[in-house]
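S.K.: If you scroll down you'll find the structure; I have some questions about it.
Since every read-out is calculated from the coordinates, none of them should be taken as a lab result. Everything numeric in this text was worked out from a predicted model, so none of it was measured. Neighbour counts run over all protein chains shown; Cβ positions are idealised from the backbone, glycine included.
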Amino acid sequence: MSAPDAATAEVAPPRRGRSTIWLGRGLVAVAAVLLLAYPMLSDDLYYQNMIIFSLVFAIAASGLSIITGLAGYVSLGQGAFIGLGGFTVGILATRHPDTSVWLWVPLAGVVAGLVALVLGAVALRASGPSFVIITVAFLFLVQVIAINWRSLTGGTEGLSLPIPTWDVDIQNWPFYYTLVGILALQILLSWWIRRTKLGTGLVAIREDETKAATVGINLPIEKMIAFVASSVLVGMAGGVYGYYLTFIDPRGMFNILLSVETMLALLVGGKATLWGPVLGAFIVEPLNQYANNNLGGGNTRLLLFGGMLIVIVLFLPNGVLPAVESGLERLRTRGRAGLVGARIGTGGSLASLTDRLSLADREAVVDPPPLLEIKDLRKAFGGLKAVDGASFTVPEGSITGLIGPNGSGKTTLFNLIDDTIHADGGEIWLAGERIDRLSPWARAHRGLGRTFQITRLFREMTVLENVVAPQRSFTWGQLGRIAVSGPEARAAEEILEYVGMRAFRDQKAAALSFGQQKLVELAQVLMLDPKLILLDEPAGGINPVLIDRMTEMIRELNSYGKTFLIVEHNMPFVLGLCDPVHVLGRGRTMASGTPAEIQKDPAVVDAYLGDDFVLEAAATERQEVRNR
Amino acid sequence: MTELVQTLVLSLLVGGIYALVASGLTLIFGVMRVINIAHGAFLILGCFITYTLWNQLGLDPLVGVVITTPVVFALGWVIYRLLVRPIRHAPMSSTVLLTFGLALVTEGVMGLVWGNDSTSIRPSYVDQSFHLGSIFLPKAQVYGGMLAVLVLVGLWLILTKTWLGRAIRAAAANPSSAELVGIKTTAVAALVFGLGLAAAGAGGAITGVLYPFVPGSHYLWIARLLAIVVLGGLGSIEGAVLSALVFGIAETVTAVYISPAWATAVPYAIVFAVLLIRPQGLLGTRLRDDAVTA
């Protein structure tokens, strides 16, 4: 590595200004002290009531920030968990009048969690807008059931809970401090999740779910955990809320406006932030009470909520906190250049890979066994047979090329191999194991890594976060591992150093050039420590220097034991690097062999290379013949 | 037996109205990938406008369609230009939240203008029926169902027989290519949003005669409409029409043979059932998504 490059590699800027961080921490501490001290300083029940309501929504919104903020699944059914919690406590408290009502609050959390588990199993199979529809449908369905199941819920007449028996001097303190405690737990949970592999996995799901699956993220399980984590403490808060109201009925407890207010609190504060939902709840709920008491109630409330929803979506999609933060950041960094023009490093060693390596003496192996075997693979899009009975093998330790005219099915074939698209028929074998019925993440766990023709990084994540996102296997322990620092982050930095992108560690992926994204995507795949790496046009759309570097890295990684399958149109690149080469035409393998054989194959020349195609070597050879 | 035949005929008439309104919702989705949660609210707005025309001017509610429809169309056109267009590239969830906000605002405005009490439109023929043997068919239902089919046919003719219809389908299939061949997709989208809402407005004029309504009735309507378009495959008008008829039967049969209270659960149950059977989602087939632009 030359000296100037070493220098650029070290100028990784801090993520946020230290001053901004400390300002934020100070504000949070002051707010926490005020919140804890308020009931002791003032006996004004109006404001105590307002804070209690705000706390309920703060808990609900903070819970929602896990499934909606991190995983990107917008739920308008969050209010249902408040209602379920309330009714769990209400039903049990009215049937066991001699037992303390507080005893049922944890149970309310369990009920909410179980319902979330069942609902999630169905609803999380849908994505995007369908999920919103389902959560709303769920909320209304629960409401209809609650209204009609009179023997359990009291129907429209509702339930009256026991009146609290404690001393009036302490007013509503028990409700107040219980809710503060639940909020603290919820924030702790949200904070912890976003620091773990689970958290980066969820953000990856939000950014690009299909891609997330290919880097080993177990979609259903991680989404389910997020959904349950979004609901358990909310159910408990709902239980306390029901007890506080002392009267609950299905129309009130399963009112869609509870969900709307929770969503608003999240959006106003900032959906991807830790403290935003809390801030949002303490903005939205007081406004709500003001509209209710001073501006005529019902209809004004609708105008307020609806209007805020429209304004936020149109003008402040990231919420208040991120807007303030980026404003401060702009002030702080004014006049200083960013990293945009920094040079790409020339690479470092890959100890993490080479340490684990048992260098196979490949000269000794005459006929290496196939690492990947494709048998009669088929995929049709309507009447178009994109892949029509393709069969070939990738020998272990090889750099195998896959070429063919545009539309011959190369990328589709890649998509079938990693299950980005599901095959209609045929078999895929990886290292002696049949994998065509496995999920994309299970394939990744078995040693399959893949880059995309048009890079698919998680755009809103930093380069480092992108590289720590992949999950080599699925274990519960791994999900809880801290991702953003410690060994995971160190391994990622080492790989980034290797591909020359360490200096860009804290940049958003979306800010990188296409070539830089290709390098980061390669690093991401390397983090999986795959046996087989599929590269879709690694040399496409990048400059010649980078192509050379790419060639060099592929050769080096290959020498460490990585097998490659490469789709590429750059013929000198393919024919110089790959052996064997398979040629795809109309969804079938039409030829296979060494680069030399492929170039002479008349069918290949006719269908793809063209009869004027000559490699430099071939051309010079002919030149020499003529000179003689 | 007579009861069953009567139930089926009535539910088909109701299904015709559902088909009209759901076509508007599915049309909007098909062209601009927006799930208009405010669709039910604009149907109720159609009810209230028709109510005012009938109450103040004595205009027959079913004739009132001629005024209600263009008014709601214009409103839809303006809303698209002001609110939907600025976020046309945002994720679909954003437009869901936006139109949800729009539904709440519309509900609030209707509450302020017309009040939150149950309102009904009662023209002279509302209590009269046609008698076919032993079957009773309320005149309002028959007129309303026929009018709905008429408007639906009109909408279908616009979409299939006119230049506008071809432009709409082109814009739905591939917006950027449509631009290249000279279709102003923005103008087309605004027209489609207007047309879609107009279908809801026309439906409102008809259902206002059949059922009493309050501003908050739109939740029930949007649930019903979403269930219909989801069952028929979002974006497909033929699917929406067919599933509207099926849905009309399912709902009426539940109300008659089980209990009206459970009829409201039908749409939600359908959404879940569809999802269980088609896990790839409610939005039709999964498209190739490796080619998304970076």
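S.K.: Along the charge dipole of the protein assembly as shown, Cβ charges K/R +1 and D/E -1, which of B:W77, A:V567, A:V122 sits furthest on the positive end?
M.R.: So the residue we want is B:W77.
S.K.: Springs between alpha-carbon pairs under 10 angstrom, Gaussian network model over chain B: which of B:E179, B:E251, B:E238 fluctuates most?
M.R.: Result: B:E179 has the largest fluctuation of those listed.
S.K.: Under 5 Å between amide hydrogens, which residues at least 5 positions from A:E537 or on another chain qualify, with H placed 1.01 Å from N in the peptide plane?
M.R.: When sequence neighbours closer than 5 places are left aside, the close amide H contacts are A:V567, A:E568.
S.K.: Set Lys and Arg Cβ to +1 and Asp and Glu Cβ to -1, take the dipole of the protein assembly as shown about its Cα centre, and tell me which of A:A108, A:V234, A:L331 lies farthest positive.
M.R.: Result: A:L331, furthest along the dipole toward the positive end.
S.K.: Now a separate question. For segment B:181-189, what does the Karplus curve 6.51 cos²θ - 1.76 cosθ + 1.60, with θ = phi - 60°, yield as ³J(HN,Hα) per residue in whole Hz, taken in order and with x for Gly and Pro?
M.R.: Result, ordered by residue: 8, x, 8, 7, 5, 4, 4, 4, 4 Hz.
S.K.: By how many degrees, between 0 and 90 and to the nearest 10, does the Cα long axis of helix B:266-277 differ from the longest principal axis of chain B?
M.R.: Once rounded, the angle reads 40 degrees.
S.K.: What does the charge count around B:G194 come to, taking other residues whose C-beta lies under 14 Å from its C-beta (Lys +1, Arg +1, Asp -1, Glu -1)? Don't jump to the answer; show the numbers that get you there.
M.R.: Numbers: positive: B:R81, B:R85; negative: none.
So the surrounding residues net to +2.
S.K.: Right, another one. With 10 angstrom as the radius, rank B:L157, A:L179 by how many other C-beta atoms surround their C-beta, starting from the fewest. Intermediate results must be reported in sequence, preceding the final value.
M.R.: Working: B:L157 11, A:L179 24.
If I rank by nearby Cβ atoms, fewest first, I get B:L157, A:L179.
S.K.: Calculate how many DSSP beta bridges within the protein assembly as shown are antiparallel, expressed in % of all such bridges and rounded to the nearest 5. Please report the intermediate quantities before stating the final value.
M.R.: Numbers: 31 of 46 bridges.
Looking only at bridges with both residues in the protein assembly as shown, the antiparallel portion is about 65 percent.
S.K.: Now a separate question. Under a Cβ-Cβ cut-off of 13 Å, what is the net charge of the residues other than A:L565 that fall near it, where Lys and Arg count +1 and Asp and Glu count -1?
M.R.: Numbers: positive: A:K410, A:R450, A:K531, A:K562; negative: A:E373, A:E396, A:D418, A:D536, A:E537, A:E568, A:D579.
Local charge sum for A:L565: -3.
S.K.: Find, to one decimal place in angstroms, the Kirkwood hydrodynamic radius of the protein assembly as shown, where the mean of 1/r is taken over every pair of different Cα atoms and then inverted. Walk me through the numbers before you get to the answer.
M.R.: On the way: mean 1/r = 0.0325 Å⁻¹.
About 30.7 Å, per the Kirkwood formula over Cα pairs.
S.K.: In debye to the nearest 20, how big a dipole does segment A:47-256 give about its Cα centre with +1 on each Lys and Arg Cβ and -1 on each Asp and Glu Cβ? If you can, show how the numbers build up before the last one.
M.R.: On the way: 10 positive and 9 negative charges, 110 e Å.
Rounded to the nearest 20 debye, it is 520 debye.
S.K.: Next question, about the same structure. Can you tally the net charge around A:R150? Count Lys and Arg as +1, Asp and Glu as -1, for every other residue whose Cβ sits under 12 Å from the Cβ of A:R150. List each step's numbers first, then the result.
M.R.: On the way: positive: none; negative: A:E157, A:D249.
Taking every other residue near A:R150 into account, the sum is -2.
S.K.: Starting from the amide H of A:T196, placed 1.01 Å from N in the peptide plane, find each other amide H under 5 Å away whose residue is 5 or more places distant or on another chain.
M.R.: Answer set, sorted by chain and number: A:A483.
S.K.: Can you list the residues, at least 5 places off or on another chain, whose amide H is less than 5 Å from the amide H of A:L584, using H built in the peptide plane?
M.R.: A:I403, A:G404, A:M590
S.K.: If you take every DSSP beta bridge fully contained in segment A:365-627, what fraction is antiparallel? Give it as a percent rounded to 5.
M.R.: Values: 23 of 38 bridges.
Beta bridges within segment A:365-627, antiparallel portion: roughly 60 percent.
S.K.: Can you tell me which lysines have their Cα less than 21 Å from the Cα of A:K197? Leave out same-chain residues fewer than eight positions away.
M.R.: Cα-Cα hits under 21 Å: A:K211, A:K223, A:K271, A:K508.
S.K.: Would you list which lysines come within 17 Å of A:K385, measuring only between C-alpha atoms, while excluding same-chain residues fewer than 8 positions from it?
M.R.: A:K375, A:K410
S.K.: Can you work out the base-10 log of I(q)/I(0) for chain B at q = 0.11, 0.15, 0.16 1/Å, using the Debye formula on its C-alpha atoms alone?
M.R.: Per q value, in the given order, log10 I(q)/I(0) is -0.64, -1.19, -1.34.
S.K.: Starting from the Kirkwood Rh over alpha-carbon pairs, what translational D in µm² s⁻¹ does segment A:155-213 have by Stokes-Einstein at 37 °C and 0.692 mPa s? Mind showing how you got there, number by number?
M.R.: Values: Rh = 15.5 Å.
After rounding, the answer is 212 µm²/s.
S.K.: Could you give the semi-axes, largest first, of the ellipsoid that matches segment B:46-198, computed as the square roots of 5 times the alpha carbon gyration tensor eigenvalues and rounded to whole Å? Don't skip to the end; give the middle numbers.
M.R.: Numbers: eigenvalues 238, 99, 34 Å².
Taking √(5λ) for each eigenvalue gives 34, 22, 13 Å, largest first.
S.K.: Something else: Looking only at Cα atoms, what is the convex hull volume of segment A:365-627 per residue, in Å³?
M.R.: Output value, Cα hull per residue: 148 Å³.
S.K.: Here's another thing I want to ask about it. Could you work out how far helix B:139-161 tilts from the main Cα principal axis of chain B, as a 0 to 90 degree angle to the nearest 10?
M.R.: It is inclined by approximately 20 degrees.
S.K.: Turning to a different aspect of this structure: Give, rounded to the nearest 20 debye, the magnitude of the charge dipole that segment B:2-277 has about its Cα centre when Lys and Arg contribute +1 at Cβ and Asp and Glu contribute -1 at Cβ. Don't jump to the answer; show the numbers that get you there.
M.R.: Values: 11 positive and 8 negative charges, 163 e Å.
In debye, rounded to 20, segment B:2-277 gives about 780.
S.K.: Once every DSSP H run of n ≥ 4 in chain A is given -39500 (n - 2.57) and the sum is divided by its residues, what mean residue ellipticity at 222 nm do you get, rounded to the nearest 500 deg cm²/dmol?
M.R.: Taken over chain A, the calculation gives -17000 deg cm²/dmol.
S.K.: Taking the Cα atoms of segment A:47-256, what is the range of coordinates along each of the three principal axes, in descending order and whole Å?
M.R.: 57, 36, 28
S.K.: When the Karplus curve 6.51 cos²θ - 1.76 cosθ + 1.60 is applied with θ = phi - 60°, which whole-Hz ³J(HN,Hα) does each residue of segment A:42-55 get, with x for Gly and Pro?
M.R.: 3J(HN,Hα) across segment A:42-55, in whole Hz: 9, 10, 6, 5, 4, 6, 4, 4, 4, 5, 4, 4, 4, 4.
S.K.: Can you order the peptides B:80-91, A:572-583 by their average number of other Cβ atoms within 10 Å per residue, highest first?
M.R.: Working: B:80-91: 15.4, A:572-583: 20.8.
Result, highest mean Cβ count within 10 Å first: A:572-583, B:80-91.
S.K.: Assigning unit charges at the beta carbon (Lys, Arg +1; Asp, Glu -1) and nothing else, what dipole magnitude in debye, to the nearest 20, does the protein assembly as shown show about its Cα centre?
M.R.: On the way: 66 positive and 65 negative charges, 222 e Å.
I would put it at about 1060 debye.
S.K.: According to the square roots a ≥ b ≥ c of the eigenvalues of the Cα gyration tensor, what is the shape class of segment B:1-58, taking rounded for a/c under 1.5, prolate for a/b larger than b/c otherwise, and oblate for the remainder?
M.R.: Working: a/c = 3.57, a/b = 1.17, b/c = 3.04.
Taking the square roots of the gyration eigenvalues as a ≥ b ≥ c, segment B:1-58 is oblate.
S.K.: A further question follows. Would you mind giving the mean number of other chain beta-carbons within 10 Å of the Cβ of each residue in B:86-98, as a whole number? Present the calculation step by step, with values, prior to reporting the outcome.
M.R.: Working: counts 3, 3, 0, 0, 3, 6, 6, 11, 6, 2, 9, 12, 7.
What the average comes to for B:86-98 is 5.
S.K.: Moving to a separate point now. Using only Cα atoms, tell me the angle between helix B:163-173 and the longest principal axis of chain B; keep it within 0 to 90° and round to the nearest 10.
M.R.: Compared with the principal axis, the helix lies near 60 degrees.
S.K.: Return the average number of partner chain Cβ atoms within 10 angstrom of each residue Cβ along peptide A:293-300. Don't skip to the end; give the middle numbers.
M.R.: Numbers: counts 0, 0, 0, 2, 1, 7, 10, 3.
Averaged over the peptide's residues, the number is 3.
S.K.: Shielding of A:307-318 by partners, i.e. mean partner chain Cβ atoms within 10 Å per residue? Don't jump to the answer; show the numbers that get you there.
M.R.: Working: counts 5, 3, 9, 10, 2, 4, 13, 9, 1, 0, 5, 0.
So the per-residue partner count for this stretch is 5.
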